[in-house]
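A short worksheet on the structure shown next.
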Amino acid sequence: MILDYILRRLGLLLFMTLMLSVFTFSISYLFPGDPLSNLSGVPSSNFAQHSELEDKYLYNSNYFVQYIAFLGRIFQGDWGLSFASGDNVFSHIVDLLPATLELSVYALIISIVVGVPAGILGSAYYKRWPDKLINSTTMVGYSMPVFWLALLLIMVFSLKLGWFPMSGRMGLLYEIPANTGFILIDIALAGFPYKGMAFLDALRHLTLPTIVLAMYPTTVLVRFTRESMLKVMDQSFIKTARAKGLNRRQLIIHHALRNALLPVIKQIGLQFSTLITLAMITEVIFSWPGIGRWLIDSIYQRDYPAIQGGLMAVSLFVILATIIAELTYTLFDPLSRNQAHGKV
């Protein structure tokens, strides 16, 4: 049963990936300029070069044949060349994606560590002053634009107090070999005597962008966890346990928490997808060398092959994260598995 559900979800992932590839292929013809140059990233400066590109990309064939050839190049890692740098777009994505993932993962960790306990605390003190304080703070954080919060933190903690750097991923004094792409892990793997100083410097660079990026998913997790806990606390088995003499702490830890956190697991996965898109704004403001900043720069430079590759990479990752979140939720929750198979 579970295997059938997983296979259906993988089929959905494949279908959405194909639709994404169709859209990516189509925008080559929608962008201004020569579609062949938009696909390859090579300006057709002379007749011989143009003829060579036509043969390679099957440009004189029908759209379906061109699309099949496009899929083959995608799987081979041939995503065209960037107009700006002249390098392969796929190599740019491989180099820059770890920085975006690093920022998103750390922001998600902060969101879980802060948001889930705060939501549980708010439900435990429903309509009392801790709940009102948490709700007020959550409402402010939820309503605050990401770019405004980023600029405010830079003005206070970087320009005025000087506690944190305002841009970059690492100080210029340190040269860290990129083994995994995650700066903290690379520092831990590197064997140099100033590892501790480099680690602290990387943490200082990570602090402000991580806080900014974590603000929105934290507020969502607080509200979602609180509502899930209140819904579970109103169930019959909780009322029965309360009638048996269990106190509030025992009810939450031993009975309510396990059931209330199941929907939160799915929400965490969905928030990770949101973080990937919010990271674009954060990376631009903090000059974080990730795929979001590179994609925004490519839009400004009208680098059409880079725009295609960046959109496809980000969209594919969002689709994959959403499917994984749903699969994880289904594996943990037997009721959702029964609903998935049409059972009551």
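Just to confirm the number: angle between the C-alpha axis of helix 89-124 and the first principal axis of the chain, 0 to 90 degrees, nearest 10?
10 degrees
Hey, with R₀ at 25 Å, roughly what FRET efficiency would Asp87 and Thr328 work out to, going by the Cβ-Cβ distance, to 0.05?
Computed FRET efficiency for Asp87 and Thr328 comes out at 0.10.
Take the alpha carbon atoms of region 180-237, find their center, do the same for region 7-43, and report the distance between the two centers in whole angstrom.
Distance between centres, Cα-based: 33 Å.
Once the principal axes of the Cα atoms of the chain are found, what is the range along each, listed largest first in whole angstroms?
For the chain, the Cα spread along each principal axis is 86, 58, 40 Å.
How large, in percent, is the carbon and sulfur part of the accessible surface of region 51-138 at a probe radius of 1.4 Å?
Reported share for carbon and sulfur atoms: 66 percent.
Treating the angle as unsigned and between 0 and 90°, give the value, to the nearest 10°, between the Cα long axis of helix 47-56 and the longest Cα principal axis of the chain.
Once rounded, one gets 50 degrees.
Multiply the residue separation of Thr17 and Ile253 by 0.36 nm, subtract the distance between their alpha-carbon atoms, and state the gained length in nm to one decimal.
Result: 80.9 nm gained on full extension.
With r defined as the distance between the Cβ atoms of Tyr126 and Leu58 and R0 fixed at 56 Å, what FRET efficiency is calculated, to the nearest 0.05?
0.30
Tilt of helix 304-332 relative to the longest C-alpha principal axis of the chain, in degrees (0 to 90, nearest 10)?
Helix 304-332 sits roughly 30 degrees off the main axis of the chain.
In deg cm²/dmol, rounded to 500, what helix-only [θ] at 222 nm does the chain give when every DSSP H run of at least 4 residues adds -39500 (n - 2.57) and the total is split over its residues?
Calculated mean residue ellipticity at 222 nm is -24500 deg cm²/dmol.
How far, in nm, would the chain grow between Ala241 and Leu7 when pulled straight, counting 0.36 nm per residue and subtracting the alpha carbon separation?
80.3 nm
Straight-line reach only, C-alpha to C-alpha below 29 angstrom: list the lysines that Lys195 could link to, leaving out same-chain residues fewer than 8 apart.
Lys160
For Leu159 and Asn135 in the same chain, what is the full-extension length gain: residue separation times 0.36 nm, less their Cα-Cα distance, in nm?
This chain segment gains 5.6 nm when fully extended.
The values are calculated or read from the model by the stated rules, or taken from the named source; none is laboratory data. This structure is a prediction, so every number in the text was calculated from the model and none was measured. Note that we place each Cβ from the backbone using ideal geometry, even for glycine, and neighbour counts take in every protein chain shown. With ligands, DNA and RNA removed, areas are computed over all heavy atoms of the protein, side chains included. Shrake-Rupley method; radii C 1.70, N 1.55, O 1.52, S 1.80 Å.
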